[in-house]
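Chemist: First the structure, which I've put down as structure tokens, then a few questions once you've had a look.
The values are calculated or read from the model by the stated rules, or taken from the named source; none is laboratory data. Since the model is a prediction, treat every value here as computed from it, not as a measurement. Cβ placement follows ideal geometry from the backbone for every residue including glycine, while neighbour counts extend to all protein chains displayed.
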Amino acid sequence: MSALDSLNPEQILWIAGGVLVLIVLLLVALLLRPARLPSAVVAQLGHLGAGQQQLRGGLQTVSETQASTQNQLMQTMEIRLNTVQLEMQQRLAEMQERLNTSLHGNAQRTTTSLTQLQERLKAIDKAQDNITKLSGDVLSLQDILSNKQTRGAFGEIQLRDIVSKALPTDSYAMQQTLSNGRRADCLIHLPNPPGPIVIDSKFPLEAYEALHRADTDWALKSAVANMRTSVRKHIRDIADKYIIEGETADGALMFLPSEAVYAELHANFPELVREGFDRRVWIVSPTTCMATLNTMRAILKDARMRAQAGEIRKTLAMLHRDVELVVERVGKLDTHFRQARSDLEGIGTAAERAGKRAARLDNFDFEEVDVDDNAAPLPLGATARTVPE
């Protein structure tokens, strides 16, 4: 490669421009000089013309090289552009496929999520309906408990439900009128002792609510006093109305249809519980009432078994007589079986002898017949005995 090939086009243009400027300056100098140029200058000008021709050839070569390089560069760029275009198309296709897959998966997940959301919304709607119904029930319960008569009916209904689950229907009576004209919520027919016992339902709800609403010391003291007064009055009324000597048991039960009120009495008013013990009035809640009634059920069962002990003994005697009759009849049946077995043995012996005689007749062996053959045949009812052959 020549020195011109190592130059870039810009450097070559700068060199060519400088040479042209030099030539112009020399020509101007020659024109301004009147005398003839010496031979040395003419020779120098010839060399300059040859250099110009060489420079023109170098510039043409550089132009051709630049054009060739530009064509190669264009071809290379075109190939690379095509390659990049193909790669871009492939990547776009892959990206579109992944996007479609992702969209399909997202659609399925969205559908599943919407289905689950719909189910949860249904469950929430159902729970909301239950909450609405429960709210209505709570409001109804508040309406019931806000009135003394309806609150008393509520306690009586709860007491009836507990008693009906624990005792037989013939062992108690609801709203039973006593000899003093008082009507008991429930009368349990226990045997003597202790005798019939009364269960009366009481519900000091106002005093209990006032006790829990108290936010000052004065309100708390007033609520505590009200609670003591209300419970003492209930204990006194039950002791005076439902404990009748000779008619009822020497005690009665006060049923509180609220475990919270029962727990409050035992936790903060133990003196009221002891006062009930002194007046033989035992305070019970739904849980302790069920336990007490189960104990009463055991007492009733034991009393009924004692009352029916005579009937049980009579039935056992009749059963023993029936067993004796069965044993007697089995003995008679065994005698009949022995007689039938003896008759069967006699029949077998007679049949065997008849078979032997038939065999002799078949062989015409008349000379061997004994005189005993004229003997009378064995009766069917006779007992088994040895028969001579």
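Chemist: Quick check on my filter: what residues within segment 292-312 are at pLDDT 80 or above and among the charged types (D, E, K, R)?
Modeler: If we filter segment 292-312 for residues that are at pLDDT 80 or above, which is where we start, we get 292-302.
Across segment 292-312, the qualifying residues are Arg297, Lys301, Asp302.
Chemist: Still on this model: Residues of segment 212-223 being more than 29 Å from Met290 (Cα to Cα) and part of a helix (DSSP H, G or I), which ones?
Modeler: Once the filter is applied, which keeps residues that are more than 29 Å from Met290 (Cα to Cα) and part of a helix (DSSP H, G or I), segment 212-223 yields Arg213, Asp217, Trp218, Ala219, Leu220, Lys221, Ser222, Ala223.
Chemist: Please count how many residues of segment 154-212 are in contact with a Lys or Arg (Cβ under 7 Å, 6 or more places away or on another chain) and among the hydroxyl-bearing types (Ser, Thr, Tyr).
Modeler: 1
Chemist: Need the failing condition index for Leu121 against (1) touching a Leu at 6+ places or on another chain (Cβ under 9 Å); (2) at pLDDT below 85; (3) outside the structural domain of Ala16 (by TED's automatic domain parsing), just the number.
Modeler: For Leu121, the exception is condition (1).
Chemist: Within segment 161-191, take every residue that is among the hydrophobic types (A, V, I, L, M, F, W, C) and farther than 19 Å from His234 by Cα and give me the one that is surrounded by the most Cβ atoms within 10 Å (Cβ to Cβ).
Modeler: Filtering segment 161-191 for residues that are among the hydrophobic types (A, V, I, L, M, F, W, C) and farther than 19 Å from His234 by Cα, the one surrounded by the most Cβ atoms within 10 Å (Cβ to Cβ) comes out as Ile188.
Chemist: Which of (1) at pLDDT below 85; (2) under 30 Å from Leu300 (Cα atoms) does Asp161 not meet, given it meets every other one?
Modeler: (1)
Chemist: List pairs: first in segment 298-320 and in contact (Cβ under 8 Å) with a residue 24 or more places away in the chain, second surrounded by 10 or more Cβ atoms within 10 Å (Cβ to Cβ), Cβ under 7 Å, 6+ apart or cross-chain?
Modeler: Listed by first residue and then by second, the contacts come to Ile299/Leu190; Leu300/Ser171; Leu300/Leu190; Ala303/Pro191.
Chemist: Residues in segment 268-278: is at least one in contact with a helix residue (DSSP H, G or I) (Cβ under 8 Å, 6 or more places away or on another chain), farther than 21 Å from Glu156 by Cα and aliphatic (A, V, I, L, M)?
Modeler: Yes; the residues of segment 268-278 include at least one that is in contact with a helix residue (DSSP H, G or I) (Cβ under 8 Å, 6 or more places away or on another chain), farther than 21 Å from Glu156 by Cα and aliphatic (A, V, I, L, M).
Chemist: Follow-up question, since we're still on this one. Any residue that is assigned to a helix (DSSP H, G or I) and in contact (Cβ under 8 Å) with a residue 60 or more places away in the chain - is there at least one of those in segment 195-206?
Modeler: Checked against the condition, which is being assigned to a helix (DSSP H, G or I) and in contact (Cβ under 8 Å) with a residue 60 or more places away in the chain, segment 195-206 yields at least one hit.
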